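The values are calculated or read from the model by the stated rules, or taken from the named source; none is laboratory data. Please read these numbers as outputs of a predicted model, since none were measured by experiment. Note that we place each Cβ from the backbone using ideal geometry, even for glycine, and neighbour counts take in every protein chain shown. All accessible areas refer to the heavy atoms of the entire protein, side chains included, with ligands and DNA or RNA removed. Shrake-Rupley method; radii C 1.70, N 1.55, O 1.52, S 1.80 Å.
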Amino acid sequence: MYDEQQRPEHGPLSGFTVGVTAARRADELIALLQRRGATVVHAPALRIVPLADDGELLNATKELIDNAPDVVVATTAIGFRGWVEAADGWGLGEELLARLRSVELLARGPKVKGAVRAQGLTEEWSPSSESMAEVLDRLLEEGVDGRRIAVQLHGEPLPGFVESLRAAGAEVVLVPVYRWMPPEDIGPVDRLLDAALTRGLDALTFTSAPAAASLLSRAEERGVHEEFLAALRHDLLSACVGPVTALPLQALGIDTVQPERFRLGPLVQLLCKELPGRARALPVAGHQVEIRGHAVLVDGTLRPVPPAGMSLLRALARRPGWVVARAELLRALPGSGRDEHAVETAMARLRTALGAPRLIQTVVKRGYRLALDPAADAKYADA
């Protein structure tokens with residue numbers, strides 16, 4: 001337990017706004033982000049069809065019970081548990097477990113292995129890397145020609161996995177354990193897109209490839225696809241829980257960041273490193289100023305700033321120490337029209353929010369400038 005004086009005044013994500021597209025485990029991710037100071041905008045880009053309502057899963061389960069596969073590949077813990085629970089609901093639970101005991105059962109990673117063992121089953125093999133590529137390599141090394149392999153899907157395609165098995169001569173049976181569908185209420189998704197387009201977000205998080213694809217698809221439906229891609233390429237940080245999740249974005253030339261361990265905790269830790277690292281830090285009027293998404297750190301103290309003030313501050317910070325004309329600052333203000341008094345009003349509020357009026361100097365009849373410390377002038381002279 002920290003003493004009150006030892007506690008930081010802000011978290012590593014304070015002053016940043018993060019978009020969350022997850023439907024499953026969204027509450028956990030949001031709590032992790034908020035605990036570190038982030039403002040969160042949540043818009044589930046997809047919803048999950050309940051397992052017991054999915055006729056395809058029922059048919060696949062009956063087919064596997066009646067016609068045994070040689071191998072079953074379990075890909076996710078929640079999917080495997082849900083499959084058994086759904087089978088129980090249909091009165092097929094014991095028959096499914098009996099069938100799984102009689103086949104070669106592969107589990108993709110430790111979490112899936114735990115779910116398998118919780119059902120009283122034992123996996124034949126599991127990679128420590130949680131990589132489907134490693135599972136594929138093992139199967140191909142064993143030889144799959146003429147073998148029947150059941151693959152538990154996890155709501156999204158497995159690029160190249162099924163195709164490679166079939167090309168090597170395997171009969172592949174797909175087990176669609178849960179299905180992603182568009183959200184019933186598209187409003188939150190549209191609001192998330194609007195925030196991205198207006199640069200009201202600093203980062204977007206993705207925990208599944210279908211969520212990324214769904215958001216991109218909605219942007220296309222609204223006719224803002226190119227603008228959204230521009231925001232992702234130049235201003236927003238795209239943080240993905242793993243390489244499969246990142247595929248729809250990377251296919252469009254969007255850079256992503258991913259944690260080494262494909263978990264929510266490491267994803268948040270990565271954001272705690274990346275977002276502050278992208279913030280602009282400047283020595284101004286004897287103070288250390290760090291410009292974040294919707295707030296500014298002044299000598300380590302977090303100062304929330306209204307959107308109009310942040311627009312002005314970013315315009316000044318693009319050329320620190322240089323005079324920026326009122327007309328240019330007016331153009332930086334969203335929806336301000338032609339009245340330069342709007343600049344003066346927003347500037348007054350900005351100075352109040354910063355709590356250090358001398359950070360920004362008024363240059364009579366010319367405009368405003370960040371009062372960059374003299375020692376830093378040379379460094380930023382050509383910025």
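At-a-glance table
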| quantity | calculated |
| --- | --- |
| Which listed residue is open to solvent by 20 Å² or more (accessible area, probe 1.4 Å) and either within 31 Å of the chain's Cα centre (by Cα) or within 24 Å of residue 44 (Cα to Cα) (or both), from 164, 208 | 164 |
| Out of 261, 222, 218, 233, sole residue that is more than 18 Å from residue 17 (Cβ to Cβ), open to solvent by 30 Å² or more (accessible area, probe 1.4 Å), in contact (Cβ under 8 Å) with a residue 60 or more places away in the chain and not hydroxyl-bearing (Ser, Thr, Tyr) | 218 |
| Residues of the range 107-131 classified as touching a Ser or Thr at 6+ places or on another chain (Cβ under 7 Å), closer than 20 Å to residue 172 by Cβ and not small (Gly, Ala, Ser), total | 2 |
| Only one of 303, 358, 366 that is open to solvent by 70 Å² or more (accessible area, probe 1.4 Å), in contact with a strand residue (DSSP E or B) (Cβ under 9 Å, 6 or more places away or on another chain), basic (Lys, Arg) and within 30 Å of residue 206 (Cα to Cα) | 303 |
| Residue in the range 88-106 that is closer than 18 Å to residue 144 by Cβ, surrounded by fewer than 16 Cβ atoms within 10 Å (Cβ to Cβ), touching a residue at least 12 places away in the same chain (Cβ under 8 Å) and hydrophobic (A, V, I, L, M, F, W, C) present | no |
| Filter result for residue 183 (in a loop (DSSP other than H, G, I, E, B) and within 19 Å of residue 212 (Cβ to Cβ)) | yes |
| Hits in the range 94-115 - residues which are assigned to a helix (DSSP H, G or I) and modelled with pLDDT under 95 | 110, 111, 112, 113, 114, 115 |
| Wholly enclosed helices (runs of 4 or more DSSP H) of the range 216-324 bearing at least 2 residues polar (S, T, N, Q) | 243-250 |
| Test: residue in the range 282-298 that is exposed (fewer than 14 other Cβ atoms within 10 Å of the Cβ) and within 28 Å of residue 351 (Cα to Cα) | yes |
| Leading residue by the ranking (modelled with the highest pLDDT) among those in the range 1-36 that are among the acidic types (Asp, Glu) and over 16 Å from the mean Cα position of the chain (by Cα) | 9 |
| Some residue of the range 171-181 being out of contact with any strand residue (DSSP E or B) (no Cβ under 8 Å at 6 or more places or on another chain) and at pLDDT 90 or above | no |
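Here is a yes/no grid of residues against (1) over 16 Å from the mean Cα position of the chain (by Cα); (2) open to solvent by 20 Å² or more (accessible area, probe 1.4 Å); (3) within 26 Å of residue 308 (Cβ to Cβ):
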{"site": "184", "(1), (2), (3)": "yes, yes, no"}
{"site": "198", "(1), (2), (3)": "yes, yes, yes"}
{"site": "245", "(1), (2), (3)": "no, no, no"}
{"site": "249", "(1), (2), (3)": "no, no, no"}
{"site": "275", "(1), (2), (3)": "no, no, yes"}
